[in-house]
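Beneath this line is the structure, given in structure tokens, with notes to follow.
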């Protein structure tokens, strides 16, 4: 049961959002996509700062694209943002049967083989718009720990945690390093997306789409525990549903060189992003922290 602290007028918009999410899961996938794209098109003209951030990120990561191509990709990205409302709703409130029908799974044997052996497992993923649904889909066949960053909205955060826990997830805050290591040492697979700017103190600089980027150093540190295998994992939307795929565990990882390790991770994420670039989280200021006081990429600070 949710705390009485959420019975407050300031949470009325969040309660309305949760109601719409519960209704949204009843809509068929094809209709969710059509409605979601329309929502994204409506949002596009009004989200000036986010639109500017997405444009800057995409133009820097794909310098070969002309201005018109970048603009079209930004618009497609906002369509993906609109669809992500339904994807998040499906993650929290969708039935196992509905999600299972939408799934196509590739190379799951890499994950299953790792589960048969002793040691930790990190499922390495990136921040795609269907990210939340991707972690929920894993719970259909496996018990995993979700490493997550708490939402600023406490009610929405409570709804998120409750939605995952009822479907079997172990929820661990990204700041709770002790619990993350405990899960790894207990051979509980963790779902981990390290591709956000955490600042200089928690990062090393490594190439990402050819740009020196503040990259989380924690991935390699965590992988040093309990013979941990790092398995690249991706989850993207297709025309008929969602493609879940796994890759072979990263060889010789981690090494003694944190920059080399961060570079390997970024190369894997680049490969994932390039398959469906419109679905990646371009509205995050991924390049905010710059080395050697380089010029900020973004118009809005």
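For this structure, a couple of remarks:
- Flag for residue 224 being touching a strand residue (DSSP E or B) at 6+ places or on another chain (Cβ under 9 Å) and exposed (fewer than 14 other Cβ atoms within 10 Å of the Cβ): no
- Candidates are the residues of region 276-299 that are in a helix (DSSP H, G or I) and touching a helix residue (DSSP H, G or I) at 6+ places or on another chain (Cβ under 7 Å); the one that is farthest from residue 126 (Cα to Cα) is 278.
- The set of residues in region 250-268 that are under 24 Å from residue 129 (Cα atoms) and outside any helix (DSSP H, G or I) is empty.
- Listed by first and then second residue, the pairs with beta-carbon distance under 9 Å, at least 6 apart or on different chains, first residue in region 1-28 and on the phi > 0 side of the Ramachandran plot and surrounded by fewer than 16 Cβ atoms within 10 Å (Cβ to Cβ), second part of a helix (DSSP H, G or I) and modelled with pLDDT under 95, form an empty list.
- Any hit, region 102-110, residues being more than 15 Å from the chain's Cα centre (by Cα), under 28 Å from residue 218 (Cα atoms) and in a helix (DSSP H, G or I): yes
- Residue within region 70-80 that is farther than 27 Å from residue 183 by Cα, crowded, with 17+ Cβ neighbours inside 10 Å and in contact with a strand residue (DSSP E or B) (Cβ under 9 Å, 6 or more places away or on another chain) present: yes
- Residue check for residue 199: closer than 27 Å to residue 105 by Cβ, touching a strand residue (DSSP E or B) at 6+ places or on another chain (Cβ under 8 Å) and surrounded by fewer than 20 Cβ atoms within 10 Å (Cβ to Cβ): no
- Residue within region 245-266 that is surrounded by 15 or more Cβ atoms within 10 Å (Cβ to Cβ), touching a residue at least 24 places away in the same chain (Cβ under 8 Å), touching a helix residue (DSSP H, G or I) at 6+ places or on another chain (Cβ under 8 Å) and closer than 21 Å to residue 84 by Cβ present: no
- Between 207, 194, the distinction of being assigned to a loop (DSSP other than H, G, I, E, B) and either in contact (Cβ under 8 Å) with a residue 60 or more places away in the chain or over 18 Å from the mean Cα position of the chain (by Cα) (or both) belongs to 194 only.
- For residue 227, the conditions (1) modelled with pLDDT of 95 or more; (2) part of a loop (DSSP other than H, G, I, E, B) are fulfilled apart from (1).
- Scanning region 177-189 for residues that are surrounded by fewer than 17 Cβ atoms within 10 Å (Cβ to Cβ) and part of a helix (DSSP H, G or I) turns up 177, 178, 179, 182, 185.
The values are calculated or read from the model by the stated rules, or taken from the named source; none is laboratory data. None of these values were measured; they are calculated from a predicted model. Because the Cβ atoms are built from the backbone with ideal geometry, glycine has one as well, and the counts that use them run over all protein chains shown.
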